[in-house]
Every structure is written in C-alpha cells, then in structure tokens.
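Remarks on the structure that follows.
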Amino acid sequence: MLIRPYTLSQAAMLLLAGFLLVYLQVAVRRTPGMKNLHTRWMIQAIGWLWTTLLLSLFIGVSEDRSVDFLAYARIGLGMLAWHAVARAIYALPPFEPFARRQEARFTSWTIAGFLGLEVCYFCLRLWHFSQTGLAQPLVWPMALPSLIVSTWVLWLVMRKLWMAETAPDLSLGQHLHRALLAPRGEVSRFYRGLLLAVFGMLVIISSFSWQLSSLPCPFGC
C-alpha cells in the first residue's frame, strides 16, 4: 500500500462525506418534514461524491498499476454528483423565477448528453488500456463538459442567493453587500456557503483543465 501526500486529506474528506451521508439518512428517517425532494437529491449528490473519493483513495494507495483505468470513471461519477446538486437547487426555495420545469428538465437532458459522451470516451480509453496496459492521459476537450456543468451549478446558486436577498428598497451595492457579506436569513447563509464550496470545486476543475490544455489532442484539434 502506498501512502501519498494527499492520502490523508482524501481519507479525511471521505470520512466527512460519509458522516454527512449517514447524518442526512438518519435525519430523514426521524424527521418527517425533511422527506423532501431537495433532501433526497442532496443525499444522492453526497453519495456520488463519497463514491468518487473512495475510488480516488483506492487508486492512490494501490500498488497495482492495473487499477489505474478506474480513474477514467471519476469524471462520470463527478458529473452525476453535479446533476444531483443542480436538481436539489431547483427544488429549494425561493422558487420564483425557478418554478420552470422545462429548465430543470433541459439541465438534466444536457448533463445526460455529456454523461453519454463521457461513457463513450471511457470505453475508448478502456480499450486503449487493454491494448497497451497504459492509462491514456485525458485530452483537454473532454474536460470541458465537467467545467460547463460545474459553471452552470455555480450560476444556479448565485441566482438563488440573489433571489433570497431581494428587497424592493435595496440598491445594487446594498444587494451585493447583503448577499455576499451580510446575508439576513438562514437560507441566504446556506446559499453563500454552498456558493463558496461550488466556487472552490470550480477552481480545482479549471486548474485541472488548464493543465490538460498542454496535452496533444488525438482528434487533430
């Protein structure tokens, strides 16, 4: 077993995600009011995140290089987590102007299309791995779907936070100050924390995509 510099941080995040998953499951069973659509979607998102972290930890500590191909599945799992987060945001208040079923459906269809593309690319890289025994580097065009989906989720959270702090007598500067620095309600504080978390994940994905931009594209792009 290999202990790498990031192994402990991955294990800590795995334990935290596992704690949140168990906590929400227990809370849903004990509190009838929590049996809402957004809670179920958040449980799904944390479950997909936990699976992704577990897979990353297993790949990192394993001394068998043949398991490297499992890294190909992480993007698809992450996209499923983003989809669950997006659906949870649509199901949370305030609902205006978010009570648009077609937008939520369009988001699901778009993410499903990206996920189908990722599955096809997974099969292609898996075939390459079976032929060469080497994990093929991820080319930068295939990193764009995850970046697009995470950016859209960030935009959804920003819209919700803006709506939660809307008041008729606020100027633009006051509105920004209340939304980002001094939110009044619990819902606004929740969205501000979620905004910071999603923004941090977006920065990580963007940095990863920038590193991939130096890799050659096998499709001649």
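Here are a few things to note about the model shown:
- Qualifying residue in the range 129-138 (condition: at pLDDT 75 or above and over 24 Å from F69 (Cβ atoms)): no
- Only one of L70, L55, L92, L126 that is modelled with pLDDT under 90, among the aliphatic types (A, V, I, L, M) and over 26 Å from A17 (Cβ atoms): L126
- Residue count for the range 169-186 under the criterion of being surrounded by 10 or more Cβ atoms within 10 Å (Cβ to Cβ) and outside any helix (DSSP H, G or I): the result is 5.
- Taking first residues from the range 154-168 that are basic (K, R) and partners that are part of a loop (DSSP other than H, G, I, E, B), the Cβ contacts under 8 Å between residues at least 6 apart in sequence or on separate chains come to R159/F98; K160/L92; K160/P94; K160/F98.
- When A167 is tested against the conditions (1) at pLDDT below 75; (2) within 27 Å of F114 (Cα to Cα), the lone failure is (2).
The values are calculated or read from the model by the stated rules, or taken from the named source; none is laboratory data. Note that the structure is a prediction, hence the values are computed from the model and not measured. When we count neighbours, we look across all protein chains shown, and the Cβ atoms used for this are built from the backbone with ideal geometry, even at glycine.
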